[in-house]
Amino acid sequence: MVEEIKSAFEGIKSEVNGAIESAKADNASALESVKAELEATKASISVVKDEIEKMEAKNNRVKMNQTEVKGFNATLADAIEQNGDSLAKLARGEQKRSSFILDSKAVGNMTEAVNLTGDITRQYANQVYALPSRKVHMRSLLPIGSLSQGLFTFPYESGGEGAPAAQVQGSAKEQVDFDITMKDAAAQYIAGYVRISRQMLDDIPAMTSFLQSRLLEKYLVAEDAQILSGNGTAPNLQGILPVATAATGAATVDVEQLVQAIAQLETSNYSATGILVNPTDWAAIMNTKNTNSAYTLPASTVVTTDGSVSIAGIPLYKSTAIAVDKFVVGDWSMGAQIMQNQGISVQFSEFDADNFTKNMITVRVEARIALPIYYAGAFIYGDFGNVA
């Protein structure tokens, strides 16, 4: 029985294997047939595609020959005509704005400048590139106080008699007398303004901050001139240089002159807190050479890694506020003070002249300050003698 079953099983197995091999052969034949049909279809599609491209090219040539190529002016005129109703409503005030998209697809290349009849669309930078500012102002050297009135009066010691001395037993003590004098420093306005269109303020994002910073810088430059060189006749302040003590040193080397000026100042018991020179004279000091043309600075001069310079321990400040070939050594913390009423203000207003009707804005900068010079002897003013 077992043998019969095995024989039957082997027969079934043989039939199944034969069917599988037959199916494989049929599938391979069918696959090759499908591949052949696909290749034939691809060839047909390629032929049709070529014909379509030829027809499109021919059609485009016909259109180009029949279509007028318009310049920018003609295209703009067509756009205005198509949007005539909207523009008319804008003119009558029935709507606040009108806009349309200018379709320039049919314009072609614009190769002639005459096609451009208006400004190119622009994008503004996010800042206004201003001119450079002065690096050191007098406000950075002098103390600042508050002023509530138009006249600042201060008492100062102008002289005196007598002095304390050792007392002989039974004798009178020495009498000391101080001469106190009242001195006035009138507060004066330093001011200026600029007038600008409202449109510019609106269109340029950084214009407001630019005006604030630049007007402030302009003010500080004018203030520097008054603090240093004002002649004291209203509306001018009394400046420091006209009343400063003249340098008396005999040295001819720049650094030596400054050291002598420091000594002259401190001989009168003031303490030098700063030296003011022009950048040109700072460069001359830094380029000091010996007789062998080698760069050499006196031992009293110290230059730090950040470029700061001190002479005999006194910081040197370079500023265009002082003229070339001049210098001031001063006890800036004690000799004078800026007294101000409400500080420096920058204000914007349309209520100036006919600004309201002309859409203009006036921007004003101003401050009212007094400059009491407590000690004229606290400033030594000299000339390097390098400029004839």
Within segment 150-164, the count of residues that are open to solvent by 50 Å² or more (accessible area, probe 1.4 Å) and aromatic (F, W, Y) comes to 1
Please determine whether any residue of segment 294-301 is farther than 24 Å from I338 by Cβ, modelled with pLDDT of 95 or more and touching a strand residue (DSSP E or B) at 6+ places or on another chain (Cβ under 7 Å). no
Can you name every residue in segment 362-376 that is crowded, with 20+ Cβ neighbours inside 10 Å and not in a loop (DSSP other than H, G, I, E, B)? V363, V365, A367, I369, A370, I373
What's the total number of residues in segment 223-241 that are part of a loop (DSSP other than H, G, I, E, B) and either surrounded by 15 or more Cβ atoms within 10 Å (Cβ to Cβ) or of a type outside the set (V, I, T) (or both)? 8
So, restricting to strands (runs of 3 or more DSSP E) that lie completely within segment 242-342, which ones have at least 2 residues that are more than 21 Å from D224 (Cβ to Cβ) and either open to solvent by 50 Å² or more (accessible area, probe 1.4 Å) or touching a residue at least 12 places away in the same chain (Cβ under 8 Å) (or both)? 301-303
Is segment 188-199 home to any residue that is out of contact with any strand residue (DSSP E or B) (no Cβ under 7 Å at 6 or more places or on another chain) and within 30 Å of K358 (Cβ to Cβ)? yes
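A quick yes/no check of all residues on (1) under 30 Å from S333 (Cα atoms); (2) in contact with an Asp or Glu (Cβ under 6 Å, 6 or more places away or on another chain); (3) at pLDDT 60 or above; (4) surrounded by 10 or more Cβ atoms within 10 Å (Cβ to Cβ):
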{"residue": "N83", "(1), (2), (3), (4)": "no, no, no, yes"}
{"residue": "Q95", "(1), (2), (3), (4)": "no, no, no, yes"}
{"residue": "I101", "(1), (2), (3), (4)": "no, no, no, no"}
{"residue": "E112", "(1), (2), (3), (4)": "no, no, no, no"}
{"residue": "P132", "(1), (2), (3), (4)": "yes, no, yes, no"}
{"residue": "R139", "(1), (2), (3), (4)": "yes, no, yes, yes"}
Of the residues F379, F356, which single one is on the phi < 0 side of the Ramachandran plot and surrounded by 15 or more Cβ atoms within 10 Å (Cβ to Cβ)? F379
Number of the exception - L142 against (1) touching a Pro at 6+ places or on another chain (Cβ under 8 Å); (2) within 14 Å of Y375 (Cα to Cα); (3) outside any strand (DSSP E or B): (1)
Check segment 118-130 and report whether any residue there is more than 30 Å from G274 (Cα to Cα), at pLDDT below 55 and either open to solvent by 50 Å² or more (accessible area, probe 1.4 Å) or not hydroxyl-bearing (S, T, Y) (or both). yes
Selection over segment 343-366 where residues are touching a residue at least 24 places away in the same chain (Cβ under 8 Å) and either among the polar types (S, T, N, Q) or under 15 Å from A185 (Cβ atoms) (or both) yields a count of 3
Taking into account only those residues within segment 189-214 that are part of a helix (DSSP H, G or I) and in contact with a helix residue (DSSP H, G or I) (Cβ under 8 Å, 6 or more places away or on another chain), which is surrounded by the fewest Cβ atoms within 10 Å (Cβ to Cβ)? M200
Quick check on segment 160-177. Is at least one of its residues touching a residue at least 12 places away in the same chain (Cβ under 8 Å), among the small types (G, A, S), outside any strand (DSSP E or B) and in contact with a strand residue (DSSP E or B) (Cβ under 8 Å, 6 or more places away or on another chain)? yes
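The values are calculated or read from the model by the stated rules, or taken from the named source; none is laboratory data. All values derive from a computational prediction rather than experimental measurement. A quick note on method: Cβ atoms are made from the backbone with ideal geometry, for glycine too, and the neighbour counts reach across all protein chains shown. Ligands, DNA and RNA are excluded from the accessible area calculation, which covers all protein heavy atoms including side chains. Shrake-Rupley method; radii C 1.70, N 1.55, O 1.52, S 1.80 Å.
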